[in-house]
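The values are calculated or read from the model by the stated rules, or taken from the named source; none is laboratory data. Everything numeric in this text was worked out from a predicted model, so none of it was measured. Don't worry about glycine lacking a Cβ; one is built from the backbone with ideal geometry, like all the others, and counts go over all protein chains shown. Protein only, heavy atoms only, side chains kept; ligands, DNA and RNA dropped before computing areas. Shrake-Rupley method; radii C 1.70, N 1.55, O 1.52, S 1.80 Å.
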Amino acid sequence: MPERARDEPVLAPHAPLFRKVLIANRGEIVVRIARTLRELFIPSVAIYHAVDAQSPHLVACDEAVEIEGEAPVAAYLDIERIVSAARAIGADAIHPGYGFLSENASFARRVAAAGLAFIGPDADTIALMGDKISAREFAAKHGVPVAPSVRSNGDLADFARRAATIGFPLLIKAAAGGGGKGMKIVRAERELAEAARIASSEAERYFGDGRIYAELYVDRPRHIEAQILGDGAGEAIHLFERECSIQRRFQKIIEEAPAPNLPPEIRARMLDAAVRLARASRYKNAGTIEFILGADGRFFFLEMNTRLQVEHPVTEMITGIDIVRAQIEIAAGQGLPFAQPDVVARGAAIECRICAENPDRDFLPETGVLHYLRKPEGEGVRFENALRVGQAITSEFDPMLAKLVTHGADRDKAIDRMQAALDDLAILGVTTNADYLGRVLADASFRAAVLHTDFVVERTDALRAPPDPRRLRLALIAAALGDANFRDVITSVPDPHATMGPWRN
Amino acid sequence: MAFRLIHDGHAHEIEVVRRRPRLVLRIDGVEHIVASLGSGADGDDALEIDKHAVAFVRARDRDRQFIRLHGHVHEFAVADELAEEGGGEALDEVRSPMPGRVVALTKAVGESVARGETVMMIESMKMQLSLSAPRDGILASLSRGLGDSVDKDEIVARLEIPSVRA
């Protein structure tokens, strides 16, 4: 290698891919994205509503801009203010994270119109995949298996007649929906008409769009999704799959990679279908194609998420690939950073979503103040969070507080490591699902990888905390000794017998 | 003397059996010897109970105490004698049992309310819940308006007993 001249400055190997990136999100995902931006020598900008002014997600970025809004959540959804803030501060790209505006086609369009790069797919792709009906039609057209279905055309009686031909059980969903709203399982023909009427009115109420569709319902399905990267020019690769079957209220709480006990032939067909879909849509960005897998080995397209996924770290841990970095490189027009043969999976990884919620009360969200936090750490452990002692946990935002992710040489070792990490984790001041997640990991069915999306409901009783009267008594002693009045009685009030000494009795 | 703590809706008594030479406490009828009292402060603490070291973490809220012990978080409240006797401030307060958003106000400040009568409705996770008056009285204040979000255990309204005219 030629020796560098003494006065030659030390430069990063390449000029940064962007001048400055604004992250249009809050909490842990901002911290996560800012970490990669720093490694790429790209300055980062946080946005925040006043209620988040103390959040560590601001500290994680180089700059922060306050977005005013009547409700805190509205600030993070305010397209005009966010785009203006990005321009005013000199950002040339926006990363939307997940949730909020990440799958909002109008936002992607507005960002592009402002001359900024949107670190995500084109607005048209977001729109195509954001509508369940257009997404599944596109998938079916490109040879991706979709569950047999029919859609409503306004005449609900006709819809019910055609839906009955699919067979039972079947599922009725809102075309514009998500998050389980407007979904109905119908197990017999006589329930069909009424269920369609309710689903349509719910769809109208929640989404302002009463269109519904019915599809074959797969009993006790597994939820498996493929992580893909597309370059926007028709080339795409996969980064293997994730198993996301442990859900409550149609939302994932434990995810892992790779999917355990997945026959190699099914994995190959699923990943192949995902890559085909990404190529056909000339997809640009990291994306996720979700499937349901029946016990009979048939799998069907569920939906495509055109953004970074909450559970992306499990894929990062098995592949060693920084997915956020890949997103940025693709958005900067660098193309795919890898070829398919370069992507190799090693070991297993698992993620637990730590949420402020009470599993004993049907997982209802909990609020409080974070009074004590002990973060787990160690080899093969990632604790993705933006938590701060003193932080109020309110109902303004999603109840997810943090993600705990572990990696191991195999599934058992990753789970063992997760159990140890959950043991190390202490969050006091708000009720969380951390203890519950620990019980899921210890559950024999979970360990045996008997996974399906009804797991949480079916194993409700088995997953309840067994009463432990001795542990409770010890905790009662600890609490009593933490009470100033009780402690005074024990320690400071003179005891006449004690002052005389025990030998005098 | 006995000290009472509420856990998961149940009251537990902690009785001091002896203080010397070793502290002996009786909890739910079972005696335990406590040889080391720990710091009593928030954060990591440790006791010696029945000759075993017991490490735990403690955090305190205004009226709650959280103890994480043997991998399990316990939440305690000190039993409030006044509330238990049926008097005191607790009956003047309308609290929200879960976080949510106010979707209806059914009473205005100054109106009289009967025990069990709905004062407001909140919506949480698509469920609507009515918050009702714990006793007869006059609605003295409302701290939340339509569309506001409320926290778990937040006091959303206060009642007062109508003053008797002379």
Here are the criteria: (1) farther than 16 Å from A:VAL144 by Cα; (2) part of a loop (DSSP other than H, G, I, E, B). Tell me which single one A:GLY297 does not satisfy. (1)
Filter the stretch B:18-38 down to residues that are touching a Lys or Arg at 6+ places or on another chain (Cβ under 9 Å) and open to solvent by 50 Å² or more (accessible area, probe 1.4 Å), then give me how many there are. 3
Filter result for A:LEU277 (farther than 12 Å from A:ILE126 by Cα and surrounded by 22 or more Cβ atoms within 10 Å (Cβ to Cβ)): yes
Filter the stretch A:406-450 down to the residues that are within 14 Å of chain B (Cβ to nearest Cβ), over 22 Å from the mean Cα position of the chain (by Cα) and not in a helix (DSSP H, G or I) and list them by number. A:LEU428, A:GLY429
Inside the stretch A:118-138, can you point out the residues that are in contact with an Asp or Glu (Cβ under 9 Å, 6 or more places away or on another chain) and at pLDDT 95 or above? A:GLY120, A:ILE126, A:MET129, A:ALA135
Kindly list the number of the only condition in (1) in contact (Cβ under 8 Å) with a residue 24 or more places away in the chain; (2) open to solvent by 40 Å² or more (accessible area, probe 1.4 Å); (3) touching a helix residue (DSSP H, G or I) at 6+ places or on another chain (Cβ under 6 Å) that fails for A:PHE100. (3)
Selection over the stretch A:24-35 where residues are more than 13 Å from A:PRO313 (Cα to Cα) and open to solvent by less than 10 Å² (accessible area, probe 1.4 Å) yields a count of 4
I'm trying to understand the selection: among the residues of the stretch B:14-42, which are at the interface with chain A (Cβ under 9 Å from one of its Cβ atoms) and part of a strand (DSSP E or B)? B:ILE14, B:VAL16, B:LEU23, B:LEU25, B:ILE27, B:VAL30, B:HIS32, B:VAL34
Being in a helix (DSSP H, G or I) and surrounded by 23 or more Cβ atoms within 10 Å (Cβ to Cβ), is that true of even one residue in the stretch A:350-373? yes
Can you name the helices (runs of 4 or more DSSP H) wholly within the stretch A:8-99 that have at least 3 residues being more than 22 Å from A:ASN385 (Cβ to Cβ)? A:79-88
Considering only the stretch B:43-62, state which residues are more than 9 Å from chain A (Cβ to nearest Cβ), part of a strand (DSSP E or B) and of a type in the set (D, E, K, R). B:GLU48
Considering (1) in a helix (DSSP H, G or I); (2) modelled with pLDDT of 95 or more; (3) within 11 Å of chain B (Cβ to nearest Cβ), say which one A:ALA498 fails and leave the rest. (2)
